[in-house]
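Worksheet for the structure shown next.
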Amino acid sequence: MYEELAIWMTWTLGLDEDELGIRHMAVRAIVVFAFAVMLVRLGSKRFISGNTAYDVILGVMLGSIISRAITGQSAFLPTLCAALVIVFLHRLFSRIAVGSDAFGTLIKGNTSLLVRDGEVDWDAMKRSNLSRNDLLEALRLRENLSDWEKVKEARLERNGEISVILRQDP
């Protein structure tokens, strides 16, 4: 039974072929797509939201690795195993980060306080590579503001977005 399955997989996926045909590529695409869906389900929901650079790295690496399985640039099953290892590593690091703020900061970065009580921290803006116009754009888009005087706090978050909390002046 195992030998028959191995022969069928070899023929269907072109595992022993130097050049892949249409059938091989089509079947590989189906298998890899199903496998990728499974990997995404195994990974955290954060990863598909593109939350941080850490999550984007997973997406890029996963795409690069599994594309090789479809095109035959790398051995099929070892390539899928590598993709699985990457997802599990992402999940493991995410769990460690939940329990360790230091590790979380190491792999995901930290936030930067840009505005406090209507005052812009220009040094933080410079360190974050943000211009005055970038800050104003975020204020317009998030809070419909044209300046930062009514802002209690604005932060550059770990995912690259600017969050804004308005002052609650009487």
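The values are calculated or read from the model by the stated rules, or taken from the named source; none is laboratory data. Because the structure is predicted, anything quoted here is derived from the model rather than measured. Neighbour counts run over all protein chains shown; Cβ positions are idealised from the backbone, glycine included.
Scanning the stretch 44-53 turns up at least one residue that is farther than 30 Å from ASP18 by Cβ and among the aliphatic types (A, V, I, L, M). ARG116 fulfils the conditions (1) within 17 Å of the chain's Cα centre (by Cα); (2) in the same structural domain as GLU137 (by TED's automatic domain parsing); (3) of a type in the set (D, E, K, R) except for a single criterion, (1). Could you check how many residues of the stretch 124-135 are hydrophobic (A, V, I, L, M, F, W, C) and surrounded by fewer than 12 Cβ atoms within 10 Å (Cβ to Cβ)? Result for the stretch 124-135: 0.
Residues are listed down the side, and each one gets a yes or a no for (1) surrounded by fewer than 17 Cβ atoms within 10 Å (Cβ to Cβ); (2) without any contact (Cβ under 8 Å) to a residue 12 or more places away in the chain; (3) of a type in the set (Ser, Thr, Tyr):
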{"position": "VAL115", "(1), (2), (3)": "no, no, no"}
{"position": "ASP121", "(1), (2), (3)": "yes, yes, no"}
{"position": "GLU137", "(1), (2), (3)": "yes, yes, no"}
{"position": "LEU141", "(1), (2), (3)": "yes, yes, no"}
{"position": "ASP147", "(1), (2), (3)": "yes, yes, no"}
{"position": "LYS150", "(1), (2), (3)": "yes, no, no"}
{"position": "ALA154", "(1), (2), (3)": "no, no, no"}
{"position": "ILE162", "(1), (2), (3)": "no, no, no"}
{"position": "LEU166", "(1), (2), (3)": "yes, no, no"}
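Take ARG158 and tell me if it is touching a residue at least 60 places away in the same chain (Cβ under 8 Å) and surrounded by 14 or more Cβ atoms within 10 Å (Cβ to Cβ). Here the answer is yes, as ARG158 does meet what is asked.
For ARG41, are the conditions met, namely being at pLDDT 80 or above and either surrounded by fewer than 20 Cβ atoms within 10 Å (Cβ to Cβ) or not polar (S, T, N, Q) (or both)? The answer is no for ARG41. Checked against (1) more than 27 Å from the chain's Cα centre (by Cα); (2) acidic (Asp, Glu); (3) surrounded by fewer than 13 Cβ atoms within 10 Å (Cβ to Cβ), ASP101 meets all criteria but (1).
Where helices (runs of 4 or more DSSP H) fall entirely within the stretch 87-170, those with at least 2 residues that are modelled with pLDDT under 90 and of a type outside the set (A, V, I, L, M) are at 101-108, 132-143.
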